[in-house]
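Undergrad: Below you'll find the structure I mean.
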Amino acid sequence: MSSSRRSRMSALAVACVLGLGLAATSSARDADGEGCHGKASRGQRLARALERLELDAETRSAVDEILDGNRDSQRARRREMHQAHRELRARLDAETPDEAAVLAQAELLGGLETEARKERLAARLQVQALLTPEQRAELRDVLDEHPGHGPGRRGR
C-alpha cells in the first residue's frame with residue numbers, strides 16, 4: 001500500500017472516530033437524565049407519555065420501578081461514555097496518535113453506546129409487557145405526537 005493511500009486511510013479513520021465522538025457527546029445526557037439543549041431525554045419522554053395513560057396503582061408502581069432502575073443504569077452508562085470519550089480525545093490529541101489505540105477506544109465507546117441503547121430498549125419492552133394492548137396502542141400514539149428528531153427516528 002502506498003504511503004499516500006495509507007495517509008488517506010488514516011485520515012479517514014480519524015475523521016470517523018471524531019464523528020463517533022461527536023455523536024457520543026451529542027447523545028449523552030446529564031446526570032438528571034435531561035437531554036441536550038434542555039430537551040427531554042428518551043427516558044423522560046417515555047415517563048411523561050406513561051403519565052397520560054390511566055394505569056392502576058399496581059401497574060404504575062411496577063412501571064416506576066422499571067424506569068427508576070433504568071434511569072440509574074443510564075446515569076452510570078453515561079458516566080462511562082463520558083470517560084471513554086475523554087480518553088478518546090486524549091489519544092487523538094497526542095503528539096503522535098497511535099492509530100490502533102484510537103480505533104480501539106472508538107470501538108469501546110461504540111460498545112458503550114450500544115449497551116446504553118439495549119438497556120433503554122429492554123426497559124421499554126418490560127414496561128410494554130405490563131400494559132394492556134389498548135394501553136400499548138395509546139402509548140404509541142402519545143409517543144408519536146412528538147417524535148424524535150433526526151434521521152431514523154419515528155415521525156420522519
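Undergrad: Run the quick spin-label model on L130 and E54: label points 7 Å from Cα toward the beta carbon, then report their separation in nm to one decimal.
TA: Taking the simple label geometry, L130 and E54 are separated by 1.9 nm.
Undergrad: For the pair D93/R75, report the inter-label distance in nm, with labels modelled 7 Å from Cα in the Cβ direction.
TA: Output for this residue pair reads 2.8 nm.
Undergrad: Starting with the highest mean, order 100-110, 54-64 by the number of other Cβ atoms within 10 Å, averaged over the residues of each peptide.
TA: Result, highest mean Cβ count within 10 Å first: 100-110, 54-64.
Undergrad: Want the number for A62 to K118: 0.36 nm per residue separation, take away the alpha-carbon distance, what's left?
TA: Contour length minus Cα-Cα distance gives 18.2 nm.
Undergrad: If you don't mind, there's one more thing I want to ask. Within a Cβ distance under 12 Å of E65, other residues only, what is the Lys/Arg minus Asp/Glu net charge?
TA: So the environment of E65 carries a net charge of -2.
Rule-based calculations on the coordinates, nothing more; no lab input. Treat the numbers as computed from the prediction; the structure is a model and nothing was measured. We place every Cβ from the backbone using ideal geometry, glycine too, and count neighbours over all the protein chains shown.
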